[in-house]
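Participant: Quick one: the structure is below, questions incoming.
The values are calculated or read from the model by the stated rules, or taken from the named source; none is laboratory data. Every value quoted in this text rests on a predicted model; they were computed, and no experiment measured them. When we count neighbours, we look across all protein chains shown, and the Cβ atoms used for this are built from the backbone with ideal geometry, even at glycine.
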Amino acid sequence: MSVLDQPEVYQRLDPSRLVDRIASLPDQCWQAWREGLAFEVPPQYSRVEAIVLAGMGGSAIGGDLLAGLAALEEAPPIVVSRDYSLPRWVGPTTLVLVSSYSGDTPETLSAYRQARQQGACMVAITSGGALAQEAMRERVALFQVSYRGEPRSALGYSFVAPLAFLCKLGHLSGKEKDVEESVALLRDLASAFAPSVPQAQNLAKTLAISLQGRLPVIYGAGFLGAVARRWKTQLNENSKVWAFHEELPEACHNAVQGYALPATLHQQASVLLLHSTLLDGRVSRQYDAVQDILEQAGIPHRRLDGVGRTPLAHLFTTLYLGDYASYYLAILNNADPSPVPAIEDVKQRLASPP
């Protein structure tokens, strides 16, 4: 019997039940959508010319996903800022979504203060901390996150709630039906990927086994580029492994040349290509070319297709598979998937006086 089919292993390695928080993502997304629509966004924010999401880690990935969707529409450009400072062009015609789950992320607090100084339109997204305190004191629009868990598990609030804001303001087209479809598909996948489903019938477990002891490289294109990044960071944080991501078509202009050396990596790397039938057909041909080159180099690879009618559904279904696969890889690595001690160590070091 596969170790992933043994209930006692989960009890030992996942005492905080991260698996339950992963399984609850569909409900979280629906709740965040409803809360986002009910949130009173200042109506003048409908006139901004650009949008910046300032955040780090799990609080920033929602901005990447938003930017990928916005690129499919006639929407203001969305830029993700992962830094202490914002672009100097940020000003009164810019909407800055300041996202920090804890409310105490130093880089994000610095960006919040700069956005204030530069006169930007602002929304703070947080569960509390200094960000909530400053936003309340300065009467900045504050969306308070009710979810409790890891920042990376709060995707409904880092992605779906801001999606609702932007739809409500008219920056993105209505997404109610898209969200309904996505949530229904995620609920089906939560059942299909559950620990109780045997490895032989569970794609997430099968993928985790194929990645064990290997260097994962995740490819995505268009609105799936951010999903590839999400896979990479979930593998880092949940599975405690090195991982990398690439984006097509850019990878066809550099990365494909690097498959040759070092030859020792050919049997150590494992490439997953996140694909959607909704992508430009020219990009799909590039997936075919990349797979041919990987095959010739003897590098293990697999294409994974999104499911559903809309880009949002394809985005969510490929993303959710990565959340589960990274969880199961943690179990295979005999690791508790929830804590991130190295990240906490860095935070403590930076909090200490130099």
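Participant: If the requirement is being in contact with a Phe, Trp or Tyr (Cβ under 6 Å, 6 or more places away or on another chain) and touching a residue at least 24 places away in the same chain (Cβ under 8 Å), which of these qualifies: L18, L109, L4?
Facilitator: Going through L18, L109, L4 in turn, just one is in contact with a Phe, Trp or Tyr (Cβ under 6 Å, 6 or more places away or on another chain) and touching a residue at least 24 places away in the same chain (Cβ under 8 Å): L4.
Participant: Another one. Please go through the range 144-169 and give me each residue that is modelled with pLDDT of 95 or more and polar (S, T, N, Q), ordered by number.
Facilitator: Those that are modelled with pLDDT of 95 or more and polar (S, T, N, Q): Q144, S153, S158.
Participant: A further question on this structure: Can you tell me which residue within the range 57-75, out of those that are surrounded by fewer than 19 Cβ atoms within 10 Å (Cβ to Cβ) and in contact (Cβ under 8 Å) with a residue 12 or more places away in the chain, is nearest to H171 (Cα to Cα)?
Facilitator: For the range 57-75, the residue satisfying everything is A75.
Participant: A further question follows. Working only within the range 151-175, note down all residues that are within 13 Å of the chain's Cα centre (by Cα) and of a type outside the set (A, V, I, L, M).
Facilitator: P151, R152, S153, G156, Y157, S158, F159
Participant: Do we have any residue at all in the range 191-205 that's within 29 Å of A263 (Cα to Cα) and crowded, with 17+ Cβ neighbours inside 10 Å?
Facilitator: yes
Participant: Going residue by residue through the range 17-32, is there one that turns out to be farther than 22 Å from E134 by Cα and not in a helix (DSSP H, G or I)? If you could, list the steps in order and put the result at the bottom.
Facilitator: Narrowing the range 17-32 to residues farther than 22 Å from E134 by Cα: 17-32.
Narrowing further to those that are not in a helix (DSSP H, G or I): 17, 24.
Yes, the range 17-32 has at least one match.
Participant: Still on this structure, I have one more. Would you check which residues across the range 262-318 are over 25 Å from A190 (Cα atoms), of a type in the set (S, T, Y) and buried (at least 18 other Cβ atoms within 10 Å of the Cβ) and list them?
Facilitator: Y287
Participant: Any chance you could count how many residues in the range 332-354 are over 21 Å from the mean Cα position of the chain (by Cα), aliphatic (A, V, I, L, M) and assigned to a helix (DSSP H, G or I)?
Facilitator: So the count comes out to 4.
Participant: What's the number of the condition S85 fails, among (1) loosely packed, with under 14 Cβ neighbours inside 10 Å; (2) touching a helix residue (DSSP H, G or I) at 6+ places or on another chain (Cβ under 8 Å); (3) touching a residue at least 40 places away in the same chain (Cβ under 8 Å)?
Facilitator: Of everything listed in (1) loosely packed, with under 14 Cβ neighbours inside 10 Å; (2) touching a helix residue (DSSP H, G or I) at 6+ places or on another chain (Cβ under 8 Å); (3) touching a residue at least 40 places away in the same chain (Cβ under 8 Å), S85 misses just condition (3).
Participant: Say we look at the range 166-182 and pick out the residues that are touching a Phe, Trp or Tyr at 6+ places or on another chain (Cβ under 7 Å) and part of a helix (DSSP H, G or I); which of these is surrounded by the fewest Cβ atoms within 10 Å (Cβ to Cβ)?
Facilitator: Per the stated criteria, the residue is V179.
Participant: Going by the structure shown, is F165 closer than 30 Å to R17 by Cα and hydrophobic (A, V, I, L, M, F, W, C)?
Facilitator: no
Participant: Also, quick follow-up: Please go through the range 88-106 and give me each residue that is out of contact with any Ser or Thr (no Cβ under 9 Å at 6 or more places or on another chain) and either within 14 Å of L163 (Cα to Cα) or touching a residue at least 40 places away in the same chain (Cβ under 8 Å) (or both), ordered by number.
Facilitator: T93, T94, L95, L97, P106
Participant: From the set of residues in the range 225-273 that are under 19 Å from the mean Cα position of the chain (by Cα) and of a type in the set (D, E), which is nearest to D323 (Cα to Cα)?
Facilitator: Top of the filtered list is E237.
Participant: Does L155 qualify as being of a type in the set (A, V, I, L, M, F, W, C), within 21 Å of H314 (Cβ to Cβ) and crowded, with 17+ Cβ neighbours inside 10 Å?
Facilitator: Here the answer is yes, as L155 does meet what is asked.
Participant: Can you list the helices (runs of 4 or more DSSP H) lying wholly within the range 203-314 that have 2 or more residues being in contact with a His (Cβ under 7 Å, 6 or more places away or on another chain) and of a type outside the set (S, T, N, Q)? Outline the logic, then answer.
Facilitator: Numbers: elements: 203-211, 225-234, 281-297.
Ranges flagged: 225-234, 281-297.
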